[in-house]
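Read through the structure below, which is laid out as structure tokens, and then see the notes.
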Amino acid sequence: MRCTEILMAATVGLSLVASHLQAGETALADPTRPSNTGWQKQRQTHSGGNYTLNSTLVSSSRRVAVINGRNVSEGETVGDATVIQIGKYDVLLQSPNRQIRLKLLPDIVKNQ
């Protein structure tokens, strides 16, 4: 008798799942998975004109910044600007008309 009850409960459960799939309902979203644009919007905190600083990497052996989604080092160009200096939280660009300082976290990091 007990085996029959378990088998009926399993059948009812499977039929409920099958009915949801047949109705075209989408699967539940994983709440632990980041959204497609969540981190990108948070990291694109400040832009200077057409330039957006996404992240920086500063170590004893190299300095790299991601500007407009592209990895650049000091001396390289982004658009019509040259990367002059890469810091932990900012990047200095030299465009033909002016210098542009991009800040990664302008609201959190205080000027030192």
- Note on the structure: Of the conditions (1) surrounded by 15 or more Cβ atoms within 10 Å (Cβ to Cβ); (2) modelled with pLDDT of 70 or more, the single one that GLY48 does not satisfy is (2)
- Item | Members of segment 64-112 found to be at pLDDT below 95, of a type in the set (D, E, K, R) and not in a strand (DSSP E or B), listed by number | ASP80, LYS88, ARG98, ASP107, LYS110
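The values are calculated or read from the model by the stated rules, or taken from the named source; none is laboratory data. Here the structure is a predicted model, which is why all the values come from computation and not from measurement. In this analysis, Cβ positions are derived from the backbone assuming ideal geometry, glycine residues included, and neighbour counts consider all displayed protein chains.
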